[in-house]
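Q: Please see the structure below; I have some questions.
The values are calculated or read from the model by the stated rules, or taken from the named source; none is laboratory data. Bear in mind the structure is a predicted one, so any value in this text is a computation, not a measurement. No Cβ is skipped: glycine too gets one built from the backbone with ideal geometry, and neighbour counts run over all protein chains shown.
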Amino acid sequence: MLVAGNWKMNSDHTSARQLASAVVAAVGEPRQVTVAVCPPFVNLDATFGALHGTPIRLGAQHMHEADAGAFTGEVSASMLRAVGCHYVILGHSERRQFFGETDASVNRKIVQAHSHSLVPIVCVGETLDEREAGRAADVVSVQLNTSLKDVEVTSSERLVVAYEPVWAIGTGKTASPEEAQNMHAVIRRLLVAQFGDEIGFSIDILYGGSMNPGNASSLLEKQDVNGGLIGGASLKAEEFAQIVRAAQEKA
Ligand code: 13P
């Protein structure tokens, strides 16, 4: 189980440190649940300082696929490792929608993240139009298969998948527990087909999209919902900690 906070473009150097410290205090020593926070690049270092010596892990929200070079404004996997990142979110729908991220670029980034011992949190999810057209499972399957093409993992700890229906992100609308489980089961089948039973059944599949303390338990109790990728509610330490506690109850 993993509960990760995606802070998106929120926080500054000072408030990131304060929020991280508040999360540390509110979450305490999580049992059987891994907890992570993903602040903006410029606040990674400050956040790492506040998390140092605690069980809470650090993640980034994005990275470039190259080692280094003339890519103004971009950040590499080795830079993320050097500031203490364990995870990197790849293919978030906001990166796809606003910054041209594609399944093919996500695929190259997964390989690059792995070569620097970062654990990718690979995001997939359909739009409302795609869901209403009955194409949600097909869309998500293509995203996942293309993103994971030729990717190899030696342990289930090296990969996380997040199902984030675009229509549920930041909208207050959540997939019902049944809708989430149905899609997580599709994702699970693909992971098992690619990586075999032992690894495929153990990879964490997170749900993301307006998860909050009020709906977390009903989503997390579903078999293939192995945690959450939390946006808005991760900016409030106590709400985030309540979601972590809901995950602990299932674990
Ligand atoms: P919200 O929880 O704000 O809907 O955001 C979800 C998300 O995009 C996490 O990556």
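Q: Name the single residue, out of those in segment 85-95 being touching a Gly at 6+ places or on another chain (Cβ under 9 Å) and free of Cβ contacts under 8 Å to residues at least 60 places away in the same chain, that is surrounded by the fewest Cβ atoms within 10 Å (Cβ to Cβ).
A: In this case the residue turns out to be 86.
Q: While we're on this one: Among (1) part of a helix (DSSP H, G or I); (2) within 16 Å of the ligand (Cβ to nearest atom); (3) touching a helix residue (DSSP H, G or I) at 6+ places or on another chain (Cβ under 9 Å); (4) under 23 Å from residue 36 (Cα atoms), there is one condition residue 123 misses while meeting the rest; what is its number?
A: Against the list (1) part of a helix (DSSP H, G or I); (2) within 16 Å of the ligand (Cβ to nearest atom); (3) touching a helix residue (DSSP H, G or I) at 6+ places or on another chain (Cβ under 9 Å); (4) under 23 Å from residue 36 (Cα atoms), residue 123 comes up short only on (1).
Q: Follow-up. Need a quick list: helices (runs of 4 or more DSSP H) entirely within segment 162-251 having at least 1 residues that are farther than 25 Å from residue 39 by Cβ and either within 15 Å of the ligand (Cβ to nearest atom) or under 15 Å from the mean Cα position of the chain (by Cα) (or both).
A: Numbers: elements: 177-200, 216-220, 237-250.
Hits in segment 162-251: 177-200.
Q: Taking residue 104 and the conditions (1) surrounded by fewer than 24 Cβ atoms within 10 Å (Cβ to Cβ); (2) more than 14 Å from the ligand (Cβ to nearest atom); (3) in a helix (DSSP H, G or I); (4) within 17 Å of the chain's Cα centre (by Cα), which numbered condition does it fall short on, given that it satisfies the others?
A: Of everything listed in (1) surrounded by fewer than 24 Cβ atoms within 10 Å (Cβ to Cβ); (2) more than 14 Å from the ligand (Cβ to nearest atom); (3) in a helix (DSSP H, G or I); (4) within 17 Å of the chain's Cα centre (by Cα), residue 104 misses just condition (4).
Q: Counting just the residues of segment 145-175 that are at pLDDT below 95 and polar (S, T, N, Q), which one comes out surrounded by the fewest Cβ atoms within 10 Å (Cβ to Cβ)?
A: For segment 145-175, the residue satisfying everything is 154.
Q: State the number of residues belonging to segment 118-143 that are farther than 24 Å from residue 67 by Cα and touching a Leu at 6+ places or on another chain (Cβ under 8 Å). Explain how you work it out, then say what you get.
A: To start, the set of residues in segment 118-143 that are farther than 24 Å from residue 67 by Cα comprises 124-143.
In the following step, the residues that additionally are touching a Leu at 6+ places or on another chain (Cβ under 8 Å) were identified as 124, 141.
Count: 2.
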